[in-house]
Protein chains: 2
Amino acid sequence: MRYIVRTTIKDIAKALDVNIGTVSRALNDKPGVSAELRKKIMRKATELSYRPNGHARGLVTQRTESIGLLSGAETSTFLSNPFYAGIFAGIEAETREHNYALMFASATTESSIFDGRLPKFIVEHRVDGLLIVGAVDEAIIRLLNESHRAFVLVDYHLPGEDLETVVTNNLRGGRSATEHLLSLGHRHIAFVGGTPLDRGNFHERLQGYRDALESAGIAYREELVRGGQIVGGHDAALDLLDAHPEITGIVACNDANALAAIGALRTRSLKVPEDVSVIGFDDIPAAQESWPSLSTMRVDKIAMGRKAAQRLLQKLEEGEASAPHQIVFPAELIVRSSTGAPRK
Amino acid sequence: MRYIVRTTIKDIAKALDVNIGTVSRALNDKPGVSAELRKKIMRKATELSYRPNGHARGLVTQRTESIGLLSGAETSTFLSNPFYAGIFAGIEAETREHNYALMFASATTESSIFDGRLPKFIVEHRVDGLLIVGAVDEAIIRLLNESHRAFVLVDYHLPGEDLETVVTNNLRGGRSATEHLLSLGHRHIAFVGGTPLDRGNFHERLQGYRDALESAGIAYREELVRGGQIVGGHDAALDLLDAHPEITGIVACNDANALAAIGALRTRSLKVPEDVSVIGFDDIPAAQESWPSLSTMRVDKIAMGRKAAQRLLQKLEEGEASAPHQIVFPAELIVRSSTGAPRK
DNA sequence: TTGATTCCGGCAAACGATTGCAGTATGCGG
DNA sequence: CCGCATACTGCAATCGTTTGCCGGAATCAA
């Protein structure tokens, strides 16, 4: 085993011939220590490069000053999603600034609850609170709720429950995206979706699309909507275009799907935006770098992550006091070069 | 403050009227407890849904069963780099399977060492070991070395030192990429790089490019090499093409730069690969999805992450015993549609 | 000088586990 | 029926902090 010398509070006490309690009080800015002695203790502490032992402290204070980031998806899926990566970055920044440590884990299948494979930090209570990013099994949320753990849901919410959440205004965003195409003169607008499409974020965006059409007096046609994975964004677009050549505009449930759709259009030698306009959602970095650059609904991912972390930390300070907030971030229309007036 | 009921080892002991020591031994599969009693204790433990308290345990065992992932770059930079995201995923998988928790932090500037803003988990010794991904300040490495902390460097190494590392064979990879273009018949091959180009991974890849050229009897021409950021991959390519229209092939230091270069070529109405062939490095997901799909040198990021985690965990088990390994992963040529024979 | 009041600092009990050591059954042979 | 070895199990110290409580010194007013 490794042998590491670590100076403890005792060493300081011994060196200065005072009691450990006094040292503790001095180090933690607690009253009951004269300014002079406090200074002496501080000096000695840095001299011996003293670092508090998190375990010992955590044992008595029952706090770890660290929070957990829990993803409902596989880690590689989670991280390769630029949207979540942005949220992660926001969370990390906020927690770091508040001197909290950040633990990461994913909790995917429901089974993990029962076979005890839930992330250790949940089960052994080694984090003060949890940030749950994306859809996660309801059973986990119920579990956390019952055990009175502090947590905040990011980019996900359970319809019925009154939970602390930070989400995007998907409904309005979907609506705005569609309205953008409508205002350019498009009338035959398709929606290429992700999974699931019958609930969650993508469903809300679809609903916004639907609302916009209906407000514009255009009938919603189910055959112009296709779900599927990202790769499916490609196939879905082909399907749609072949079956409905009148389509001049596509609203995608997110940027990845939009990019895939553009790729599909290219294989049919259709030009974007001359032949078909495409608008995405999220504004991931690739949206800007792609060609043509992608019009999209921007969501401030960093800000969402930061806000969620703020809420959690605040909850931890205040205890149960405050009622759950539901914070909704707007999505902002960013017009780039993948959308334009329809062909005549 | 929140009030959470947690069952402790004491509760079990009381319920069964045995000593806490016995309970501890039973729960940890230590000898000295009859099979019968052990079973009874186990049952009671699950009945009361007992979870060991990490702090208490850590205090006596001096281990946390958790490791830290330290990034040298800003978190958002780190996460939006698909290469690192892959490594992260590999690390997460491996640590999860071994029941270790994973903490994340970034340590960017050197200043952070002195103003005490180094990640808490390093300083308060709350992780057993560290995985350092990407270039990080040497001072930090020195610090860790001196304090005898177990750590493994991933995708980074310090020339002189004999440290535990997991890296890519950049030299050979750069060479293979270049040889691929040479074998297709290209003779005027440029290199578009990242920063820094005078040391580190990109330098090694450049060196491989140079070796390949020289082995093929083609003089290395400094004016065909351009450094710069990713966005610079775009500008660098334009620069090069305008100054040296004879160029028919481009080796990029990584996929992001390759993609940027392709974008640049498009603005000059140059076709890939008909007019210019482009090859990248890393094989990030976008390489496959882009159009044209990108030929590249694949690096198995997940495997690298896993391997690094394995090494660290092994080190932790064995103590200082083993001498540092330097594990080198090969890069594999993946031919897609961005490379072809040069125009005549 | 005395009594009240304040302020400091020491003492020791937690927190929840692990673990060496000592003690007590139990079984077995004599 | 006794002694001895061999399991088991209990006791208590320990890890490094925090924190309530208490005693003593110092200050001040009367």
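The values are calculated or read from the model by the stated rules, or taken from the named source; none is laboratory data. These numbers come from a predicted model, not from an experiment. Ideal geometry is used to build each Cβ from the backbone, glycine not excepted, and the neighbour counts take in all protein chains shown.
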State all residues of region A:27-46 that are within 9 Å of DNA strand D (Cβ to nearest atom) and either part of a helix (DSSP H, G or I) or crowded, with 17+ Cβ neighbours inside 10 Å (or both); if no residue qualifies, say none.
-> A:Leu27
Would a scan of region B:47-56 turn up a residue that is without any contact (Cβ under 8 Å) to a residue 24 or more places away in the chain, buried (at least 16 other Cβ atoms within 10 Å of the Cβ), within 16 Å of DNA strand C (Cβ to nearest atom) and within 13 Å of chain A (Cβ to nearest Cβ)?
-> yes
Counting only residues in region B:57-77 that are farther than 22 Å from B:Arg149 by Cα and surrounded by fewer than 16 Cβ atoms within 10 Å (Cβ to Cβ), the one farthest from DNA strand D (Cβ to nearest atom) is identified as B:Thr77
Tell me which residues, restricted to region B:1-16, are free of Cβ contacts under 8 Å to residues at least 24 places away in the same chain and more than 10 Å from DNA strand C (Cβ to nearest atom).
-> B:Met1, B:Arg2, B:Tyr3, B:Lys14
Can you find a residue in region A:224-232 that is part of a strand (DSSP E or B) and at pLDDT below 90?
-> yes
All conditions in (1) touching a His at 6+ places or on another chain (Cβ under 9 Å); (2) under 27 Å from A:Gly340 (Cβ atoms) are true of A:Leu163 except (2)
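Being within 14 Å of chain B (Cβ to nearest Cβ), surrounded by 24 or more Cβ atoms within 10 Å (Cβ to Cβ) and farther than 22 Å from A:His203 by Cα narrows it down to one residue among A:Ala256, A:Ala286, A:Ala261, A:Ala309; which is it?
Criteria check complete, one pass: A:Ala309.
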Just one of A:Thr77, A:Thr64 is within 13 Å of chain B (Cβ to nearest Cβ), closer than 23 Å to B:Ile91 by Cβ and within 16 Å of DNA strand C (Cβ to nearest atom); which is it?
-> A:Thr64
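Regarding A:Asn19, is this residue of a type in the set (S, T, N, Q) and free of Cβ contacts under 8 Å to residues at least 40 places away in the same chain?
Here the answer is yes, as A:Asn19 does meet what is asked.
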Scan region A:46-65 and give yes if some residue there is in contact with a strand residue (DSSP E or B) (Cβ under 6 Å, 6 or more places away or on another chain) and aromatic (Phe, Trp, Tyr), otherwise no.
-> no
Answer with yes or no whether B:Met42 is touching a Gly at 6+ places or on another chain (Cβ under 6 Å) and in contact (Cβ under 8 Å) with a residue 12 or more places away in the chain.
-> no
Give the residues of region A:17-46 that are more than 8 Å from DNA strand C (Cβ to nearest atom) and basic (Lys, Arg), sorted by residue number.
-> A:Lys30, A:Lys39, A:Lys40, A:Arg43, A:Lys44
Within region B:1-26, track down each residue that is outside any helix (DSSP H, G or I) and more than 13 Å from chain A (Cβ to nearest Cβ).
-> B:Asp17, B:Val18, B:Asn19
